Amino acid sequence: MPGLALEGFRIIECGDMVGASYAAKLMADMGAEVIKIEPPGGDTARQRGPFPGGTPHPEKSGLYLYLNTNKRGVTLDMTDSRGRAVFDRLVAKADLLIHNVHPTRMAAQGLDYERLAGLNAGLVMTSITPFGLSGPRKDYAAYDLTTWNAGGLCYLNGGGPGSEDLPPLRVFGQQSGFQAGIHAATASLAALFSRFQDGHGQHIDFSIQECLMGISEFAGIMPTYADQVVVRFTGNKAIRPLDIMECKDGWIYVACVEEHQWQRFVDLMGNPDWADEEIFKTRLDRAENWDALQLFMEPWVKEQSVDELYHLAQSRRIPFAPVSTMGDLLNSEHLKVRGFFAEVAHPEAGTHTYPTAPHTMSETPWTLRRPAPCLGQHNTEVYAELGMAEQELAPLQQAGII
């Protein structure tokens, strides 16, 4: 079996929900050894669906199972001094500690970098927090909706001058957590490789708000660069056709703004008489009169199937695109050929299909080595590696520390 890209790195993950879990998952999938610490009651992600059959179960959460492949899992109450003592022993042997514990709870859980660095000088610790560890908002609590708004992205999706009738919108799911995970993993790896220079670790202060502002493209710099505040565009586009239209079995993105594309599309529609009208002569005319043009195009497009129209347009080099549903993508031949989906067998949840990695590495490929851990599944195994015998573990179990 080929070597794995991050083989040999040991990572301790603690926190809740998505940010730290996804960052650690990305590294676990590339071969790092990840030990996930959960409180005895479990990660909140275990309470989030989807669940097979729609019945909630802490071992069957689709979100939790996806976020935690290739990890070993232990339970540990880090708010208890005895739990923190065990935590210190785990950290002493780790390369990276990544967490998304809120700043107001970090001290109570022993997440003090200066103290931990005293136990392990090479430790990299990445703290994922809503607003960072400094500044007037550092102690504010926040969930995905809060951080997505704090990063300005809900505003870009609605509301603001010119679109006051549209409320701000957030995207589906826990996207601020996933974005934070991606960027935090990148920063963590950079710090680990920096450690090769002098052997010293460092503390990464990671702000989700700043992460989301950083992916807002040009919107973040427009106030200073061009004295403009970017909002959701709701007016008429300068060139047309450029829109999503309904077919008989779904939706398709219609794009034929270049003159040669438009003429080929008119030919594809059978050269209807209305296409010769003066008001549709150029792409600027077609944009100015889009309301009328749309009325002519819609009935024809709605008679077509998405797949047939897509391939007909493709054969004429007209850049249409199907609006894919998740079901479409799950059954995509292209993604199947690339091996993007994998079946994962879990002892409680059963066998289900999950996305894998968006990359292929020629020498150190992504591998699925184990499903997400059941709650406390690796307690005995991991704590034994710390030299903790059953006599030491039993009192901790009885006290609910592990």
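We did not get these values from a lab; they are worked out from the coordinates using the rules stated. Source: prediction; values computed, not measured. Ideal geometry is used to build each Cβ from the backbone, glycine not excepted, and the neighbour counts take in all protein chains shown.
Some observations on this one:
- Zone of THR79's modelled label, taken as backbone nitrogen in the stretch 21-64 under 15 Å from a point 7 Å along Cα→Cβ: 38-44
- Using Cβ point charges alone (K and R +1, D and E -1), the dipole size of the stretch 242-325 about the Cα centre works out to roughly 320 debye.
- Charge dipole (the stretch 49-117, unit charges on Cβ, about Cα centre) - positive-most of MET106, SER61, LEU116: SER61
- Gain upon complete extension [ALA357, ASP112; 0.36 nm per residue less C-alpha separation]: 84.9 nm
- Long pairs among LYS71/LYS138; LYS60/LYS248; LYS248/LYS281; LYS36/LYS60; LYS25/LYS60; LYS60/LYS93, criterion Cα-Cα beyond 26 Å: LYS71/LYS138; LYS60/LYS248; LYS248/LYS281; LYS60/LYS93
- Here the gap between LYS93 and GLU303, fully extended at 0.36 nm per residue and compared with their Cα-Cα distance, gives a gain of 69.2 nm.
- Neighbour counts of other Cβ atoms within 10 Å put HIS57, HIS346, HIS359, HIS99 in the fewest-to-most order HIS359, HIS57, HIS346, HIS99.
- Per-pair calculated FRET efficiency, R0 = 22 Å: ALA238 and GLU278 via Cβ, rounded to 0.05: 0.70
- FRET efficiency for PHE341 and PHE193, using Cβ-Cβ distance with R0 set to 22 Å, rounded to 0.05: 0.10
- Its Cα centre serving as origin, the chain has a Cβ charge dipole (Lys and Arg +1, Asp and Glu -1) of approximately 980 debye.
- Overall dimensions of the stretch 242-325, expressed as equivalent-ellipsoid semi-axes from the Cα gyration tensor (√(5λ), whole Å, largest first), are 20, 13, 12.
- Set against the labelled values (1) 27.9; (2) 24.5; (3) 23.8, Kirkwood radius over Cα pairs in Å computed from this structure falls on (2).
- Cα gyration tensor category, rounded, prolate or oblate, for the stretch 13-159 with a/c compared to 1.5: oblate
- Stretching the chain fully between TYR143 and THR367 yields a gain of 77.5 nm (0.36 nm per residue, less the alpha carbon separation).
- Fewest-first sequence of THR186, THR129 by Cβ atoms within 10 Å of each Cβ: THR186, THR129
- Inter-label distance for GLU7 and SER216, nm, one decimal - labels placed 7 Å from Cα along Cα-to-Cβ: 4.4
- Which of TYR253, TYR113 has the fewest Cβ neighbours within 10 Å, and the rest in rising order: TYR253, TYR113
- Packing rank of 88-96, 278-286, where each peptide gets the mean count of other beta carbons within 10 Å, highest leading: 88-96, 278-286
- Each of PHE265, TRP290, GLY376 was placed along the dipole of the chain (beta-carbon charges, centred on the mean Cα), and the one lying farthest toward the positive end is GLY376.
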